[in-house]
Each structure stands twice: as C-alpha cells, then as structure tokens.
1. So which of 46, 87 ends up being touching a helix residue (DSSP H, G or I) at 6+ places or on another chain (Cβ under 6 Å) and in a strand (DSSP E or B)?
2. In this structure, is residue 104 in contact with a helix residue (DSSP H, G or I) (Cβ under 8 Å, 6 or more places away or on another chain), part of a strand (DSSP E or B) and in the same structural domain as residue 74 (by TED's automatic domain parsing)?
3. Consider residue 242 against the criteria (1) in contact with a strand residue (DSSP E or B) (Cβ under 9 Å, 6 or more places away or on another chain); (2) assigned to a loop (DSSP other than H, G, I, E, B): it satisfies all of them except one. Which criterion is unmet?
4. Does segment 14-35 contain any residue that is under 16 Å from the mean Cα position of the chain (by Cα) and at pLDDT 90 or above?
5. Which of the residues that make up segment 169-183 are closer than 13 Å to residue 246 by Cβ and buried (at least 17 other Cβ atoms within 10 Å of the Cβ)?
6. Taking the options 281, 295, name whichever one is part of a helix (DSSP H, G or I), modelled with pLDDT of 95 or more and touching a strand residue (DSSP E or B) at 6+ places or on another chain (Cβ under 6 Å).
7. Looking at segment 235-242, can you tell me whether even one residue there is over 24 Å from residue 194 (Cα atoms), surrounded by 14 or more Cβ atoms within 10 Å (Cβ to Cβ) and in contact (Cβ under 8 Å) with a residue 40 or more places away in the chain?
8. Which one is farthest from residue 77 (Cα to Cα), of the residues in segment 259-278 that are assigned to a helix (DSSP H, G or I) and in contact with a helix residue (DSSP H, G or I) (Cβ under 8 Å, 6 or more places away or on another chain)?
C-alpha cells in the first residue's frame with residue numbers, strides 16, 4: 001500500500017466526523033474553540049522495542065499509542081477533541097497490518113469520543129514508531145495542574161498499580177514466580193491496553209489541587225508534583241491499591257513491590273485534594289464505579305518518602321523510568 005492509498009483507505013475515514021480535518025485533503029487542519037474554552041495539547045511517541053514488544057496485535061499498538069495521550073488529557077481535566085497521528089512504517093509493513101492498526105484507532109475513537117484531524121505517514125528503514133499529538137478542551141483557567149498541592153492535602157490514585165510492569169516482566173519471562181492463567185491474562189492485558197481515566201479527570205476539575213497521570217512510576221511522578229508545588233510527600237506502602245494478580249505475585253516475591261512503586265505504564269491518575277474534599281472524592285469514585293484510594297499525604301519539605309507497615313523507610317532508589325538519551 002502506497003502512502004496516499006493508506007491515507008485514503010485507512011486514515012481518511014477516521015477523520016470524516018471532525019469538520020476541522022477538512023477530510024485530510026489540505027495541508028493542515030482548522031481548529032475552532034467555543035467561547036470561554038482553552039486548548040490542552042499533549043504529544044507522546046512510541047517506538048518498537050522500547051514502548052512495546054513488537055509482537056502485539058496492531059490494534060493493541062494503536063490503542064496504547066492513543067490511550068497514553070488520552071491519559072495526559074485526563075490528567076489536565078480535559079475533554080478529548082481531536083488528535084494528529086504521525087507514523088513511521090517499516091518498508092515491509094503489510095496492508096493488513098495497516099488496516100488493523102486503523103481499526104484499533106477507530107474502536108478507541110468511538111470509545112473515548114475523539115477524532116483524527118491530520119498527521120503524516122512515512123516509510124522507514126528502521127523499526128516501527130509513531131507519535132500522536134492529542135488535543136482537548138477545558139473551561140478557561142480550570143485545567144488541573146501539577147503545581148497546586150499544599151501541605152495537609154491527601155494523595156489519591158485511581159485503579160490499581162504495578163499491573164503493567166508485572167505484565168511486561170511476565171511477557172519477558174523474568175517474573176520469577178508462577179502465576180495462574182487468570183492472573184497472567186489480567187497482567188498482560190494491563191500492559192497491552194491501559195485505561196485512561198478521561199471521565200475522572202473531568203470530574204476532578206475544581207476538586208483536585210494537583211494532578212498528573214502515572215506513566216513513569218508512582219514515586220517519580222509524585223516527585224514531579226512535589227517539585228512543581230514546592231512540597232514533599234509521604235506514601236504508605238500498605239495503602240497502595242493492588243489487583244488480586246499483583247498481590248499474588250508480591251506475596252510470593254516481596255521484591256516486586258518495586259513494580260508498584262516505580263514500575264510505570266500504569267496510566268492511572270495521581271491527584272491531591274484538600275482534606276475537606278475527601279467526601280467529594282468518594283462520591284466521584286462511586287459515580288464512576290472506579291476505585292479511588294488514599295495513599296499518603298502532602299507534607300512540608302521536598303521529595304517523596306515511602307514507609308512500610310512497620311514505619312520503616314522503603315523509598316526505592318529508582319523512583320521510575322527514564323529514557324537514556
């Protein structure tokens with residue numbers, strides 16, 4: 001499939017419901033904002049062998065790419081609007097693979113209410129890589145930021161932590177413990193398909209004092225909130241929410257707490273709220289049928305510390321993932 005055939009056959013249908021895409025017939029898109037709204041813009045890229053193994057179904061690769069960007073929009077409290085896609089396809093990529101990649105995007109567009117607005121498609125002599133620039137809208141001046149946490153605020157996370165990192169370890173055959181078929185399926189799917197908390201982000205506007213998504217690891221990402229806000233944080237390891245699958249692994253090998261604290265790829269929301277807002281958080285969780293767990297508190301000072309159930313400091317030396325550039 002040549003470039004323009006791919007655009008016409010696979011990607012143009014993804015843009016037809018977004019007027020500003022101009023049907024992908026022009027050099028750029030046109031974006032129009034409602035009065036009183038501002039644009040939230042984020043970019044994430046993925047590369048084979050770094051962000052995914054390369055053996056996954058094309059649909060899952062497409063969804064992980066789009067969902068990692070949607071998670072950033074969620075962290076700012078934004079309503080998804082549109083996205084731009086740039087993909088670098090190895091020269092031997094089959095037409096069927098491209099079609100399945102597009103199908104994955106189509107399914108997630110319908111699920112999350114976002115539309116393709118433009119992008120670029122090129123061939124590469126290297127491995128597959130791609131980038132999405134996603135855009136969302138928020139009411140002027142209401143976006144969630146990293147810089148609003150204050151001493152005395154409580155720290156929450158959505159969902160469960162560590163599943164994706166454990167799923168990757170399982171796929172790479174380095175987990176070191178036996179897991180049941182049910183646990184194996186759960187952990188692998190959490191690695192392949194993150195669940196961006198788009199609805200939660202919008203509900204937290206006006207409630208959370210600071211927020212971000214957990215992409216590189218809980219301790220490291222909380223450290224970003226602390227640095228932006230000029231505060232410190234104390235986490236309680238026994239409060240951290242675990243899936244049954246993760247709990248089973250940790251019961252067999254305690255060292256895997258590292259995956260929960262610093263594994264990354266969770267794509268859950270990490271947020272702080274004033275102590276007076278705890279009932280609001282509970283109500284939001286019940287409304288969304290989503291587990292929201294208090295995991296610590298913001299304190300005066302700097303940095304992030306972690307204590308176990310005995311009050312012993314178990315702060316990991318490496319708080320999360322960082323690319324070596």
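The values are calculated or read from the model by the stated rules, or taken from the named source; none is laboratory data. What you see is a predicted model, and the numbers here were worked out from it, not measured in a lab. In this analysis, Cβ positions are derived from the backbone assuming ideal geometry, glycine residues included, and neighbour counts consider all displayed protein chains.
1. Values: 87 fails: touching a helix residue (DSSP H, G or I) at 6+ places or on another chain (Cβ under 6 Å).
When all the criteria are applied, what remains is 46.
2. Working: in contact with a helix residue (DSSP H, G or I) (Cβ under 8 Å, 6 or more places away or on another chain): yes; part of a strand (DSSP E or B): no; in the same structural domain as residue 74 (by TED's automatic domain parsing): yes.
The answer is no for residue 104.
3. Going through (1) in contact with a strand residue (DSSP E or B) (Cβ under 9 Å, 6 or more places away or on another chain); (2) assigned to a loop (DSSP other than H, G, I, E, B) one by one, residue 242 breaks only (1).
4. Step one: list which residues in segment 14-35 are under 16 Å from the mean Cα position of the chain (by Cα), which gives none.
No - not one qualifying residue is present in segment 14-35.
5. Selection gives 169, 170, 175, 179, 183.
6. Working: 295 fails: part of a helix (DSSP H, G or I).
The conditions single out 281.
7. Here is the first cut: in segment 235-242, the ones over 24 Å from residue 194 (Cα atoms) are 236.
Narrowing the set further to residues that are surrounded by 14 or more Cβ atoms within 10 Å (Cβ to Cβ) leaves 236.
In the following step, the residues that additionally are in contact (Cβ under 8 Å) with a residue 40 or more places away in the chain were identified as 236.
Checked against the condition, which is being over 24 Å from residue 194 (Cα atoms), surrounded by 14 or more Cβ atoms within 10 Å (Cβ to Cβ) and in contact (Cβ under 8 Å) with a residue 40 or more places away in the chain, segment 235-242 yields at least one hit.
8. Filtering segment 259-278 for residues assigned to a helix (DSSP H, G or I) gives 259-262, 275-278.
Subset that is in contact with a helix residue (DSSP H, G or I) (Cβ under 8 Å, 6 or more places away or on another chain): 259-262.
Details: 259: 27, 260: 24, 261: 24, 262: 24 Å.
Checked segment 259-278; the qualifying residue farthest from residue 77 (Cα to Cα) is 259.
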